[in-house]
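**Q** A single structure is presented below for examination.
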Amino acid sequence: MAPEESTSLRSETAPSPTPAPSGPAPGPARAKGLLAVLMPVGIVLAALNLRPAITSLGSLLEEVRDGLGMNGTLAGLLTSVPPLCFAVFGSLAPRLSRRFGAGTVVCGGMVAITVGLVVRPFTGSTAGFLAATALTLAGIAVSNVLMPVVVKNWFPDRVGSMTGLYSMALAIGTSLAAAVTVPLNDALGGWQGGLAIWAALGAVAVVPWAVLSRQGRAAERESAAHPAPAGPGDALRVTRSRTAWSLACFFGLQATAAYITMGWMPQIFRDAGISAGTAGVLLAVTMALGIPLAFVIPRVATRLPQQGPVVIALGLCGLGGYLGLALAPAGGAWLWALLLGVSNCAFPLALTMVGLRARTGPGVVKLSAFAQSTGYLISIPGPLLVGVLNDATGGWGVPILFMACLMVPQIIVGTLAGRNRTIEDEHLAKAA
């Protein structure tokens, strides 16, 4: 089993670590007074902003399509933009962090989210809407990558609890936007207001991060002055690991399913005769399951020698949900939403397996970067293909069959990634 420091998701379930050597802490984790309150508030507010831009658009996709004159292919492009931006801009986050500090980059990410959400509903063109969406998603991408770094720097002795708080806030933001965007749209008199209102949440998050960014720069300078010694993980070539490739493919396929769900599930329900408000609530239910399961699944996974059984269980829930959508989308809508919500919780499982499949700090960093960047690239075509298939066939039968078929390789590669081995062991075996 990987050591505690290899993954924040496991830190609450593992035994207490050996006390760290004396010396400066890696960050201002023990700051008193206002900062001690402001740090968790900033983390929660940032996490709340990392998904509403996506799920609010899914709830109003039909109105946006009509308002901008989009066809299904262009709408599918919209649902493919998030993973593309996460792959492209997320890869820039480490370099930006080294140059400006993680706190400053997260603050800039909150500003980008706010500006993008204000601008995109009022551009009046598809190109402008896509550009503003890309700006918003760039802010989400860099913040998403750097938030775990911020947590570890500022809370080195409470990584597990703060990561749990962060994950819960992210899931709340996801489900809240799905649930209330349509009522807000109705109250504000148009889809422009229903999308732009979420900029207020981003503006609130900018305030604490403007203060925290200065402290973050001091923390990272102190960490740089006390670098960790080189370890066995430094020589790893992660691209030669079969486990790393299996995990990257698993991450990519689960991300594909998640973005298809966020982008298209409300429209599938609406085309089946369900009202826009109810379709938004159904998506909110699907996303809300991530709140409790983000805590449960990592704990179950870390207690198993292999995570294949969890992968299979989640995959079967996905297959059941897609079968229901194909046969009776309106009749069993709540059940299908629940099943797909459970299936979409493969995301915290994938994060957990990053820590389980590497046993050194450098190994975790390399595996996480490789699995996420490669995975998001893999996930890009899926939502777009769903829109193309819907346009070409005039219905949802073929697109849903496509979604169900993706579950099969997800189960296979997830089971391979869940085997009880580490990328360091594979490296040593090849070297021998």
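The values are calculated or read from the model by the stated rules, or taken from the named source; none is laboratory data. The structure presented is a predicted model; accordingly, all values stated were derived computationally and were not measured. All Cβ positions, even for glycine, are placed from backbone atoms using ideal geometry, and neighbour counts span all protein chains on display. The accessibility values were calculated without ligands, DNA or RNA, using every heavy atom of the protein model including side chains. Shrake-Rupley method; radii C 1.70, N 1.55, O 1.52, S 1.80 Å.
**Q** Once you have the Cα-Cα distance between V207 and S275, take 0.36 nm times their residue separation minus that, and quote the gain in nm to one decimal.
**A** Gain in length upon complete extension: 20.7 nm.
**Q** When a/c reaches 1.5 or more, the comparison of a/b and b/c decides; with that in mind, is region 332-394 rounded, prolate or oblate per its Cα gyration tensor?
**A** Judged from the Cα gyration tensor, region 332-394 comes out oblate (a/c at least 1.5, b/c at or above a/b).
**Q** Here's something else I'd like to know. Could you derive backbone 3J(HN,Hα) for region 294-305 from the dihedral phi with the Karplus parameters 6.51, -1.76 and 1.60 (θ = phi - 60°), listing whole Hz in sequence and x where the residue is Gly or Pro?
**A** Each residue's phi maps through the Karplus curve to give 5, 8, 6, 4, x, 5, 5, 4, 6, 8, 9, x Hz.
**Q** I'd like to check one number: the per residue accessible area of region 323-366, probe 1.4 Å, reported in Å² as a whole number.
**A** 35 Å²
**Q** Please give the Cα centre distance for region 315-331 versus region 98-138, rounded to the nearest Å.
**A** 35 Å
**Q** Let me ask something else. Lys and Arg at +1, Asp and Glu at -1: add these up for the other residues within a Cβ distance under 13 Å of N71 and post the number.
**A** Around N71, the surrounding residues sum to -2.
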